[in-house]
Every structure is written in structure tokens, then in C-alpha cells.
Amino acid sequence: MTPKMPHARMLITAIVATVTTTILGAVGGYLLGGPDGGAIAAASIGFGALLSSFLVRGRVVGRVTQSRQDAARQGYADGIAHMVLAHMAAYEAAVFPVSGPGAVTPQERAARRTRSYAVAAEEALPHAVRRAAAAALAALDHGNVTASQEAMQNLLFAVHEQTVRR
């Protein structure tokens, strides 16, 4: 479900603010200058409120749209970072299977390796996570358990920093 665009809500808010301001101007003008004062105050204040709401609307819509785009971009980068972590963990499990050296076929290991490399090369991936993923891939390719565990821990920290730094 797509969230409502802010344009409709902003338009309703602008209309309500303009009408409310016009009514308040009419009442104030009537109290200070009688019926003619009320009409003049309502027209001038209402026109001013309408004009200001249209002038401000463009900037507000631009900021809201930019904020939504930034949030979507950041959310996508966070999701890609977590996906890298998941694929790297799957590749680590294929390189160092818990149930023994013959538990994973060479084809499955190659498939997990290929997928890990493909995900780590994703364009939207933040640089720190990409660098940690490259180090983890290199360590896993060499088959060194200690270096692989340290590299995977560094990747986990990089993904964590990516998602909680805000």
C-alpha cells in the first residue's frame, strides 16, 4: 500500500488555515470597524493567507519529497547491507560446514561464493560495508578460519554502524 502523498493533506491544511484566518479577520474587523471594516479585513487578511499558503507550499512539498527520497535511499542501502551479511554468512557456512568437510558440494559452495560476490558488488552498498565484505570474501576464499571469523565480525560491525549511525 502506497502512503498518501502530503499534497492532499497540505491542501486541506492550507484551506482550513485560510478560512479560519479569514473568519478571524472578519470578526476582528467587524468589532473594530463595523460591517465595512469586517468585509475589508476579511478580504485583505484572507487574500494574504491564501497568497502565503501558495508561496510556502512549493518549498514544503519539495522538502517533504526530498526527505522521502533520502529515507528510501537510506533504507535501501541498509537492506542491501543486511543482505550482504546474510549471503556472506551462507558462504561462510559453505566454506566451514559444521557437519563436516563433505557436507557441502563444490557446486553449492561455488554458487554461494558467486552470489556473495554479486551482492557485495551492489552499487548502493555503502563504502564501509563494501570494504568489509571484500575483506571477508578474501578471507573466506583463502579458507583461514581465524581470519574469516575476524573478517565476518568486522563485516557485522560495519553493517551495524551503517544502520544505527543515524
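Assorted remarks:
Conditions tested, residue by residue: (1) closer than 30 Å to residue 9 by Cβ; (2) open to solvent by 60 Å² or more (accessible area, probe 1.4 Å); (3) modelled with pLDDT under 90.
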| position | (1), (2), (3) |
| --- | --- |
| 94 | no, no, no |
| 123 | no, yes, yes |
| 127 | no, yes, no |
| 149 | no, yes, no |
| 163 | yes, no, yes |
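- Residue check, residue 145 β-branched (Val, Ile, Thr) and out of contact with any helix residue (DSSP H, G or I) (no Cβ under 8 Å at 6 or more places or on another chain): yes
- For the stretch 74-89, filtered to residues that are aliphatic (A, V, I, L, M) and surrounded by 15 or more Cβ atoms within 10 Å (Cβ to Cβ), the residue that is nearest to residue 155 (Cα to Cα) is 85.
- Condition met for residue 14 (surrounded by 10 or more Cβ atoms within 10 Å (Cβ to Cβ), assigned to a helix (DSSP H, G or I) and of a type outside the set (S, T, N, Q)): yes
- So residue 145, is it open to solvent by 20 Å² or more (accessible area, probe 1.4 Å) and either under 23 Å from residue 106 (Cβ atoms) or touching a Cys at 6+ places or on another chain (Cβ under 8 Å) (or both): yes
- Taken over the stretch 6-52, the criterion of being at pLDDT below 80 and among the small types (Gly, Ala, Ser) is satisfied by 8, 14.
- In the set (1) within 30 Å of residue 150 (Cα to Cα); (2) within 29 Å of the chain's Cα centre (by Cα); (3) among the small types (Gly, Ala, Ser), the condition left unmet by residue 72 is number (1).
- Among the candidates 43, 71, residue that is open to solvent by less than 90 Å² (accessible area, probe 1.4 Å), out of contact with any Lys or Arg (no Cβ under 6 Å at 6 or more places or on another chain), assigned to a helix (DSSP H, G or I) and under 22 Å from residue 163 (Cα atoms): 71
- Some residue of the stretch 96-117 being open to solvent by 20 Å² or more (accessible area, probe 1.4 Å), closer than 24 Å to residue 75 by Cα and over 23 Å from the mean Cα position of the chain (by Cα): yes
The values are calculated or read from the model by the stated rules, or taken from the named source; none is laboratory data. What you are looking at is a predicted structure, and each value in this text was computed from that prediction instead of being measured. Cβ sites come from the backbone with ideal geometry, for glycine too, and all protein chains shown count toward neighbours. Note: areas computed on protein heavy atoms with side chains; ligands, DNA, RNA excluded. Shrake-Rupley method; radii C 1.70, N 1.55, O 1.52, S 1.80 Å.
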